[in-house]
Amino acid sequence: MIELSDDVRRRFDRRRKQAEREFNREVESVRLRKEEDVEAYLSNPLKSYEIATEVTRRASLKFFGSLLFFWLGELSAQQEPVDELRQAVNRFVVVIRKQVLESMWPNPPGPTHQRKWEEQEFDRALIKWLTARRQWRDYEVKILRELTPPAPADDLPGEADPLKYFLNWPLEGLSAKARRSISSDLLGIHAARLEGTRDCAECCRRAYDLIAEEFDRAGLLREVLLRESIPEMIADASGGGDWSLEPMGRAEPTGIFNVRFGSQFYPPWRVETILESLEGPEILLEWPPDAEAKPFL
């Protein structure tokens, strides 16, 4: 693990406080403008709300970037192996993303599906904002040298098929009958998803159970399968079948989509989403690695 000095941590703490002041200043400026021109606000409250929301979103992303690029610069200066740098940045991004999403990004209270939509909006904005920044593009060039694309899919790109990556899966030891059973059941789950009778989380949990049952029936069920291999197969089935509302992974790595999980690359926080959708704390990986140690908070 990359170790940083106490001096770096103190400077980071100062940077965070400065970024918080800048965020509060920008958000407060909207309220002051509203008070200065009450008539304009009352004449078109919806537009005023949209302006306030947009300002807060920009300020949230600016706060995120201020902390991220400070930390990225300090980590890069350590001259450590690229993979260690990538993992350290991923740990940082997971924690700061969660903080910004929960405490800064405009996220009005509402039903679960509304909150999920807001989270997706945040991710789209974050990915677009990051990829437009030179510092992030330079970092991307550095880490992409270490990332190897997965084996090609078994089907034509663009076709929704939960078996798209089936030939990549570690099914050694299962009989031909067991493999046919998995294929058939996954197609049944996929049909239910297309019909709208099951949501993505339900499909993932059902797929996890059926694959685990086949390994258990063959006497091959092991901890590594429960915690790693089967969740990666579920990610492949979900990604290949387009079970989620929007693609969560990509076939080619980028600076953000840099975590190999199954046959695709994901942002580090989306690996958590996949694991959480299975709702089994006993099978969850410790993700991100060493996440409990948050030296930058």
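Descriptive notes on the structure:
- The ranking of Lys164, Lys142 from fewest to most other beta carbons within 10 Å of each one's beta carbon is Lys142, Lys164.
- Of Asp199, Asp123, Asp236, the sequence from fewest to most neighbouring Cβ atoms within 10 angstrom is Asp199, Asp123, Asp236.
- Residue separation of Glu84 and Ala160 scaled by 0.36 nm, minus their Cα-Cα distance, works out to 23.9 nm of gained length.
- Largest first, the three principal axis extents of the alpha carbons in the stretch 166-283 are 39, 32, 28 Å in whole numbers.
- Packing, taken as the mean count of other beta carbons within 10 Å per residue, orders the peptides 60-71, 217-228 from highest to lowest as 60-71, 217-228.
None of the figures in this text is laboratory data; all of them are computed from the coordinates on show. If you're wondering where the values come from, they're calculated on a predicted model, not measured in any experiment. Positions of Cβ are backbone-derived with ideal geometry, glycine not excepted, and every protein chain shown enters the neighbour counts.
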